[in-house]
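**Student:** A single structure is presented below for examination.
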Amino acid sequence: VHVESGGIIGVEALIRWQNPGVGLVPPDQFIHVAEDIGLINPIGDWVLREACRQVRAWQDAGLPPLFVAVNVSPIQFRQAGFVDTVARALSASGLNARYLELELTERTVMNDAEQNLGTLSALSAMGIELALDDFGTGYSSLAYLKRLPITELKIDRAFVQAMTADLLDAEIVRLIVRMGRQVGLRVVAEGVETNKERRMLADFGCSVIQGYGIAKPLPFAEFAAFLAGHSSGWDGLPKAA
């Protein structure tokens with residue numbers, strides 16, 4: 001949600017496993033297993049294709065255009081031909097690349113940073129938005145960060161949810177927002193649940209927020225109904241809006 005306008009500008013794709021025996025299984029209970037047994041690439045590629053397909057289907061149905069953020073695991077990002085995989089997902093769905101955002105953690109990007117720069121640059125050249133997820137929990141070099149074609153910083157929810165009670169966490173959030181804006185990056189706060197958090201982030205100059213304070217994760221059909229009742233639409237906000 002864009003802080004100033006209150007409009008919904010995007011969604012984040014979240015995977016859940018609907019197991020017939022135990023019900024809905026959250027990703028922290030099966031993603032690490034998928035990584036260990038070599039299934040994370042086909043799962044991640046399927047999520048990418050399905051997210052692109054669904055957002056394009058919403059557009060074709062007349063809903064306001066949104067971007068979709070898709071998390072990319074380190075293993076998936078390093079697989080041979082990842083850029084081609086992304087290109088095929090966009091082509092198959094007919095989704096314009098400007099509506100796709102790929103989220104990568106600091107650790108993923110900074111591990112073999114020089115080698116990763118080529119992959120990131122190729123994705124950026126396609127028009128895809130690139131976000132550094134869970135910012136503040138890794139070990140980014142600020143000197144190197146400015147070389148990367150990143151368009152967005154996502155503040156880790158741990159800082160956001162602690163900032164109303166801890167002055168140090170509040171200062172960390174404020175400094176991340178300020179730094180991001182100064183280098184021309186959009187800053188998104190994750191895990192926003194309360195109006196107090198929302199007001200603090202607005203005061204800090206944070207441009208975009210997400211979290212349960214807006215809506216809990218919803219299946220496709222329920223989200224379409226939710227979206228229809230809210231001001232929304234992705235209009236290519238300036239990087240430092």
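The values are calculated or read from the model by the stated rules, or taken from the named source; none is laboratory data. Since we're looking at a predicted model, the values are computed, not measured. Glycine also receives a Cβ, built like all others from the backbone with ideal geometry; neighbour counts cover every protein chain displayed. Calculation scope for accessible area: heavy atoms of the full protein, side chains included, ligands and nucleic acids excluded. Shrake-Rupley method; radii C 1.70, N 1.55, O 1.52, S 1.80 Å.
**Student:** Quick one: accessible surface of residue 174, probe radius 1.4 Å, all protein chains present, in square angstrom to the nearest 10.
**Tutor:** 80 Å²
**Student:** Would you kindly calculate the translational diffusion coefficient of region 1-57, applying Stokes-Einstein with the Kirkwood radius from alpha carbon pairs, for 10 °C and a viscosity of 1.306 mPa s, and quote it in µm² s⁻¹ without decimals?
**Tutor:** Here the translational diffusion coefficient equals 118 µm²/s.
**Student:** By its C-alpha gyration tensor, with a ≥ b ≥ c as the square roots of the eigenvalues, how is region 14-87 shaped: rounded for a/c under 1.5, else prolate for a/b larger than b/c, else oblate?
**Tutor:** Oblate shape, in that a/c is at least 1.5 and b/c is the bigger or equal ratio.
**Student:** Starting from one equal scatterer on each C-alpha and no solvent at all, send me the Debye-based log10 I(q)/I(0) for region 171-233 at q = 0.21, 0.22, 0.25 Å⁻¹, two decimals.
**Tutor:** -0.88, -0.92, -1.04
**Student:** Something else now. Under 5 Å between amide H atoms, partner at least 5 residues away or on a different chain: which partners does residue 69 have, H built in plane at 1.01 Å?
**Tutor:** The list, which skips near neighbours in sequence, is 11, 12, 13, 101.
**Student:** Before rounding to the nearest 500, sum -39500 (n - 2.57) across all DSSP H runs of length at least 4 in the chain and divide by the residue total; then give [θ] at 222 nm in deg cm²/dmol.
**Tutor:** Computed mean residue ellipticity for the chain: -13000 deg cm²/dmol.
**Student:** Give the Kirkwood hydrodynamic radius (Å, one decimal) of region 95-138, defined as one over the mean of 1/r across all pairs of different Cα atoms.
**Tutor:** 11.0 Å
**Student:** Run through every distinct alpha carbon pair of the chain and return the Kirkwood hydrodynamic radius in angstroms, one decimal place.
**Tutor:** 18.5 Å
**Student:** Sticking with this one: In whole Hz, what ³J(HN,Hα) sequence does region 62-78 give by Karplus (6.51, -1.76, 1.60; θ = phi - 60°), x for Gly and Pro?
**Tutor:** x, 6, x, x, 10, 8, 10, 9, 10, 6, 10, 6, x, 5, 5, 5, 8
**Student:** If 1, 177 are ordered by their accessible area, calculated over protein heavy atoms with a 1.4 Å probe, which sequence runs from highest to lowest?
**Tutor:** Correct descending sequence by accessible area is 1, 177.
**Student:** Between the alpha-carbon centers of region 172-223 and region 91-124, tell me the distance in whole angstrom.
**Tutor:** 22 Å
**Student:** Next up: Let me make sure I get this right: for region 64-105, a, b and c are the square roots of the gyration tensor eigenvalues over alpha carbons, sorted descending. Under 1.5 in a/c it's rounded, otherwise prolate if a/b > b/c, else oblate. Which is it?
**Tutor:** oblate
**Student:** What value does region 72-206 have for Rg/Rh, both radii from Cα atoms and Rh as Kirkwood defines it?
**Tutor:** Rg divided by Rh gives 1.00.
**Student:** Mind listing the long-range amide H neighbours of residue 25? Cut-off is under 5 Å, sequence gap 5 or more, other chains count too, H placed in the peptide plane at 1.01 Å from N.
**Tutor:** Answer set, sorted by chain and number: 17, 18, 19.
**Student:** Sticking with this one: Can you list the equivalent-ellipsoid semi-axes of region 1-127, largest first and in whole Å, using the square root of 5 times each Cα gyration tensor eigenvalue?
**Tutor:** Semi-axes (√(5λ), whole Å): 23, 21, 15.
**Student:** Quote the relative contact order of region 1-48 in percent (integer), defining contacts as alpha-carbon pairs under 8 Å separated by 6+ residues.
**Tutor:** About 21 percent, as a whole number.
**Student:** A follow-up question, please. At what distance in nm do the modelled label points of residue 125 and residue 107 sit from each other, each positioned 7 Å from its Cα along Cα→Cβ?
**Tutor:** Modelled inter-label distance: 3.0 nm.
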